[in-house]
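The values are calculated or read from the model by the stated rules, or taken from the named source; none is laboratory data. Given the structure is predicted, the values throughout are model-derived calculations rather than measurements. Counting neighbours? That spans all protein chains shown, and the Cβs are built from the backbone with ideal geometry, glycine included. Side chains are part of the model used for accessible areas, which takes the heavy atoms of the whole protein and leaves out ligands, DNA and RNA. Shrake-Rupley method; radii C 1.70, N 1.55, O 1.52, S 1.80 Å.
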Amino acid sequence: MRKALSHVLDRFDSHRVQRPDRAVARDADPGELRRHLADRFQLDRPRPLRELIDDVTEMLDRWSIDVTHPRYFGLFNPSVRPAGVTADLVTALYNPQLAVWSHAPAANEIEQFVIRHLLESFGFDPEDGIGTFTTGGSEANLTAVTAALTERFPAYGTDGLRALPERPVLYASRAAHDSFGKICHLVGIGRDSLRRVELDARMRMDAEALRRRIEKDLSGGRAPFMVIATAGTTSAGVVDPIVELVETCRRHGLWLHVDAAWGGAAMLSPRLRQSLGPIAEADSVTCDAHKWFSVPMGAGIFLGRRRRPVEAAFRIHADYMPDSTEGVVEPYRTSVQWSRRFTGLKVFMVLAELGAEGFARMIEHQAAMGESLRERLLERGWEIVNETPLPVVCCTHPDLRGDRTRVQAVVDRVCRGGRAWISATRLADETVIRACITSYSTQESDLEILLRELQDALVQAHSA
Ligand SMILES: *Cc1c(COP(=O)(O)O)cnc(C)c1O
């Protein structure tokens, strides 16, 4: 084991750490990859572990977008902190089983320790609140919708949807995450139950349009039960008007869920937390640690203000499971998963290693890099098209406006150059360029390189 792990670290060091000029991304062709695999691996004979490590790391280097690169300005995929990687290694080595408390008391209590800290950071009462570590934001959102449905329609859990006299509907803005479409399919209320509310001029959920839509559904014999606010939209980092949504939910008795999958990390920064609004007024929150907490993939967090609806939704008894311990959380009875890995350890280790101030500084550094990128773009004649205190920068250029093909050509050119990675997205019916600061190691010099790549690509798109 020791030899294998140290070989992995040596490979990683020589391929990534020692090569700051490595490309962020390279082209991949599925046929080439499949031929490579078929030529190299016949699973009918054993292979030395060392050789496998060489093969796998070589493949990952050749055929991946390097999301841990300081110039990966991409889709909420972070550079990972050593503490988080170490935690995943410890988790795999010790392999604790987190279905029940009594099988892994230490692991379960470490998770609950982090959950209480996060509940407090989000303004929830840790005594009455509840939290679970999930595979990601999608599962956390699924947890929220299931709990909200169960609380509002107790018969849903026993007799199913057909026991309900009216069709349940929920609301999210057009910019909300598309996981909710799949979730509505999964929980059986159907994709059309998701009402996509119009955006206002700042690309936030239009609170007035939401009110009108709810009234219309009520008079049409539908049963509204939930509103999903987004704190940091995926395309543009925009925060919905949570104050107004809280009021609307109170008036109609609706569950308010705040999807802060990426933006939630800002709650741990005293300087940025105000910009997310009164999240403590919500019934539940999604916060993805594998986005802005800089921990490796597979770490979402669901937080609920009250434990009762969550316990009602995931209640279960199984004869083969060990008896419950008094006064503890039994994960398999309060969450979607059953057997589960020690997901919370990487969140714990990153938070504990940095400390509250260090963590806040990491978040604020990335916000400052976003601010700096905006300023540099404006100085060079680019236009910023989104409004957010968080480091997602959406921009276009007077020479590109309204020309979708040209915007895409600029993005493709930058990515193909391998010096930086950005993407295109659509905002208010216009294709624009999107760059997010996803790495805690991104510096001003990286922004400068991105700017140069953008300028070059713009000139070439112009002459093409
Ligand atoms: C990424 C994201 C999700 C989905 O989270 P996964 O971890 O990818 O499952 C949900 N909501 C928002 C706002 C997101 O940005």
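Acidic (Asp, Glu), open to solvent by 10 Å² or more (accessible area, probe 1.4 Å) and more than 16 Å from the ligand (Cβ to nearest atom), is that true of ASP125?
Yes.
Taking the options TYR332, TYR320, name whichever one is at negative phi and open to solvent by 30 Å² or more (accessible area, probe 1.4 Å).
Answer to the selection: TYR320.
Determine which member of the set ASP21, ASP29 is open to solvent by 60 Å² or more (accessible area, probe 1.4 Å) and modelled with pLDDT under 90.
Testing whether each residue is open to solvent by 60 Å² or more (accessible area, probe 1.4 Å) and modelled with pLDDT under 90 leaves just ASP21.
Within 16 Å of the ligand (Cβ to nearest atom) and either open to solvent by less than 60 Å² (accessible area, probe 1.4 Å) or under 20 Å from the mean Cα position of the chain (by Cα) (or both), is that true of ALA261?
So ALA261 fits the description; yes.
If I filter the range 289-300 down to residues being in a loop (DSSP other than H, G, I, E, B) and within 10 Å of the ligand (Cβ to nearest atom), which single residue comes out as most open to solvent (accessible area, probe 1.4 Å)?
MET297
Go through (1) open to solvent by less than 10 Å² (accessible area, probe 1.4 Å); (2) within 13 Å of the ligand (Cβ to nearest atom); (3) not in a strand (DSSP E or B) one by one and return the number of the condition LEU245 breaks.
(2)
Within the range 372-413, how many residues turn out to be in a helix (DSSP H, G or I) and of a type in the set (D, E, K, R)?
Selection size over the range 372-413: 8.
Of the residues ARG315, ARG340, which is within 30 Å of TYR156 (Cβ to Cβ), among the basic types (Lys, Arg) and within 21 Å of the chain's Cα centre (by Cα)?
ARG340
Given the options PHE41, PHE12, name the one that is more than 32 Å from the chain's Cα centre (by Cα), surrounded by 11 or more Cβ atoms within 10 Å (Cβ to Cβ) and of a type in the set (A, V, I, L, M, F, W, C).
The match here is PHE41.
Taking the condition of being open to solvent by less than 10 Å² (accessible area, probe 1.4 Å) and free of Cβ contacts under 8 Å to residues at least 24 places away in the same chain, how many residues in the range 190-227 meet it?
0
Working carefully through the options ARG406, ARG374, ARG419, ARG380, find the one that is under 30 Å from PRO270 (Cβ atoms) and among the basic types (Lys, Arg).
ARG374
Taking THR150, is it touching a helix residue (DSSP H, G or I) at 6+ places or on another chain (Cβ under 7 Å) and within 16 Å of the ligand (Cβ to nearest atom)?
Against the criterion (touching a helix residue (DSSP H, G or I) at 6+ places or on another chain (Cβ under 7 Å) and within 16 Å of the ligand (Cβ to nearest atom)), THR150 does not qualify.
To keep it simple, each residue is scored yes or no on (1) closer than 23 Å to ALA261 by Cα; (2) touching a Phe, Trp or Tyr at 6+ places or on another chain (Cβ under 7 Å); (3) among the small types (Gly, Ala, Ser); (4) free of Cβ contacts under 8 Å to residues at least 40 places away in the same chain.
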{"site": "GLU379", "(1), (2), (3), (4)": "no, no, no, yes"}
{"site": "ASN386", "(1), (2), (3), (4)": "yes, no, no, no"}
{"site": "CYS394", "(1), (2), (3), (4)": "yes, no, no, no"}
{"site": "PRO398", "(1), (2), (3), (4)": "no, no, no, yes"}
{"site": "ARG416", "(1), (2), (3), (4)": "no, no, no, no"}
{"site": "ARG419", "(1), (2), (3), (4)": "no, no, no, no"}
{"site": "THR425", "(1), (2), (3), (4)": "yes, no, no, no"}
{"site": "ALA457", "(1), (2), (3), (4)": "no, no, yes, no"}
{"site": "GLN460", "(1), (2), (3), (4)": "no, no, no, no"}
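Just need a number here: residues in the range 269-288 that are in a helix (DSSP H, G or I) and either open to solvent by less than 20 Å² (accessible area, probe 1.4 Å) or away from the ligand (no atom under 16 Å from the Cβ) (or both).
Qualifying residue count for the region: 6.
Restrict the check to the range 154-172 and report whether at least one residue is within 29 Å of ARG211 (Cα to Cα), free of Cβ contacts under 8 Å to residues at least 24 places away in the same chain, open to solvent by 10 Å² or more (accessible area, probe 1.4 Å) and within 16 Å of the ligand (Cβ to nearest atom).
No, the range 154-172 has no match at all.
Being under 30 Å from VAL197 (Cα atoms), open to solvent by less than 80 Å² (accessible area, probe 1.4 Å) and of a type in the set (D, E, K, R) is true for just one of GLU430, GLU448. Which residue is that?
Result: GLU430 is the single residue among GLU430, GLU448 that is under 30 Å from VAL197 (Cα atoms), open to solvent by less than 80 Å² (accessible area, probe 1.4 Å) and of a type in the set (D, E, K, R).
Hey, can you tell me all the residues within the range 44-66 that are open to solvent by 40 Å² or more (accessible area, probe 1.4 Å), β-branched (Val, Ile, Thr) and within 23 Å of SER294 (Cβ to Cβ)?
If the condition is that a residue be open to solvent by 40 Å² or more (accessible area, probe 1.4 Å), β-branched (Val, Ile, Thr) and within 23 Å of SER294 (Cβ to Cβ), then ILE65 is the only one that fits.
Could we say that ALA99 is within 28 Å of GLY137 (Cα to Cα), hydrophobic (A, V, I, L, M, F, W, C) and away from the ligand (no atom under 16 Å from the Cβ) here?
yes
Would you point out which residue out of ARG251, ARG271, ARG305, ARG341 is over 24 Å from GLY123 (Cβ atoms) and of a type outside the set (S, T, N, Q)?
It is ARG341.
Report whether or not THR230 is open to solvent by 10 Å² or more (accessible area, probe 1.4 Å), within 16 Å of the ligand (Cβ to nearest atom) and of a type in the set (S, T, N, Q).
no
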